[in-house]
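Below: one structure, written as structure tokens.
The values are calculated or read from the model by the stated rules, or taken from the named source; none is laboratory data. These numbers were taken from a predicted model, which means no experiment stands behind them. When we count neighbours, we look across all protein chains shown, and the Cβ atoms used for this are built from the backbone with ideal geometry, even at glycine. Protein only, heavy atoms only, side chains kept; ligands, DNA and RNA dropped before computing areas. Shrake-Rupley method; radii C 1.70, N 1.55, O 1.52, S 1.80 Å.
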Amino acid sequence: MSDVLLEFDHIDKYFGDTHVLKQVSLDIEDGEVCVVVGPSGSGKSTLLRCANRLEEIQAGEIRLDGQSISDPDGDINRLRQRIGMVFQSFNLFPHKTALENVTLAPRKVRGIGKEQARSRAEELLEDVGLLGQANSYPNQLSGGQQQRVAIARALAMDPKVMLFDEVTSALDPELVGEVLGVMRGLAEDGMTMMVVTHEMGFAREVGDRVVLMDEGRVVEIGAPESFFENPQTERGERFLSKIL
Ligand code: ADP
Ligand code: MG
């Protein structure tokens, strides 16, 4: 049951002289939803970006299924097939339809045939409730719809882990629920997920564990109920007193 899928092993990350991640160690289990919270600037985005090698680390190791993925000589395309990421800004290709956005990487990176890519993309768009918008362009879709296309696009590579970095922060409040609903469905289907979010309802209800970061360190890890009801650290208490 407790198979570790993604491991951060004593990682250090610097931007110039700024020490942004300090000896961060964290194990994510297969099928786990790990919610990462913490004040702005605490290193949450950088942690996710290191896992996807959008940033390089200076010390430590990140492993997926026991194999190093932080080696700068490793195959980055292969890594990004196994770890999908969705960002605050939707980053869809504006001149491509929803369907084309979802089929592009499987066709180009994985060499999957047109028909196969299309039928898989249709399945994924159906899963996120957007099959009817398959031929729409991003500017014809709401922010919530665009973000759901972005999730379908990441899933099209059949990743083992999905990383979500504040994916609802840029949305109008009435559109947040539809995106969180898709993420909840993924979690229920057993996807392994790291989710940076300010949505504490989601953290409580969907998260298996909550990780609190502060100043580049993991300062508390706990089950949501214990973290929210009874934080074990003074920093945990202070963080919760500001947001709840
Ligand atoms: P969070 O996502 O928790 O708000 P970030 O991971 O974005 O925090 O940032 C952590 C720290 O790293 C901050 O001090 C931020 O200013 C710094 N930082 C992030 N990205 C860069 C960058 N590309 N260059 C220099 N400093 C950066
Ligand atoms: Mg961030």
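Of all residues in segment 27-62, exactly one satisfies the criterion of being more than 15 Å from ligand 1 (Cβ to nearest atom) and over 15 Å from Leu6 (Cα atoms), namely Ala59.
Of all residues in segment 136-152, none are within 16 Å of ligand 1 (Cβ to nearest atom), polar (S, T, N, Q) and in a loop (DSSP other than H, G, I, E, B).
Asp12 meets all of the listed conditions (1) more than 14 Å from ligand 1 (Cβ to nearest atom); (2) touching a residue at least 40 places away in the same chain (Cβ under 8 Å); (3) charged (D, E, K, R) but one, namely (1). Tell me whether segment 35-49 contains one or more residues that are in contact with a Leu (Cβ under 9 Å, 6 or more places away or on another chain) and either away from ligand 2 (no atom under 14 Å from the Cβ) or among the acidic types (Asp, Glu) (or both). No, segment 35-49 has no match at all. Checked against the criterion of being basic (Lys, Arg), touching a residue at least 12 places away in the same chain (Cβ under 8 Å) and either outside any loop (DSSP other than H, G, I, E, B) or open to solvent by less than 70 Å² (accessible area, probe 1.4 Å) (or both), the candidates Arg120, Arg110 yield just one match: Arg120. Checking Met194, Met183 one by one, the residue that is assigned to a strand (DSSP E or B), open to solvent by less than 30 Å² (accessible area, probe 1.4 Å) and within 18 Å of Leu48 (Cβ to Cβ) is Met194 and no other. Could you check, for segment 51-60, whether at least one of its residues is in contact (Cβ under 8 Å) with a residue 12 or more places away in the chain, open to solvent by 20 Å² or more (accessible area, probe 1.4 Å), within 16 Å of ligand 2 (Cβ to nearest atom) and of a type in the set (Asp, Glu)? Among the residues of segment 51-60, at least one is in contact (Cβ under 8 Å) with a residue 12 or more places away in the chain, open to solvent by 20 Å² or more (accessible area, probe 1.4 Å), within 16 Å of ligand 2 (Cβ to nearest atom) and of a type in the set (Asp, Glu), which makes the answer yes.
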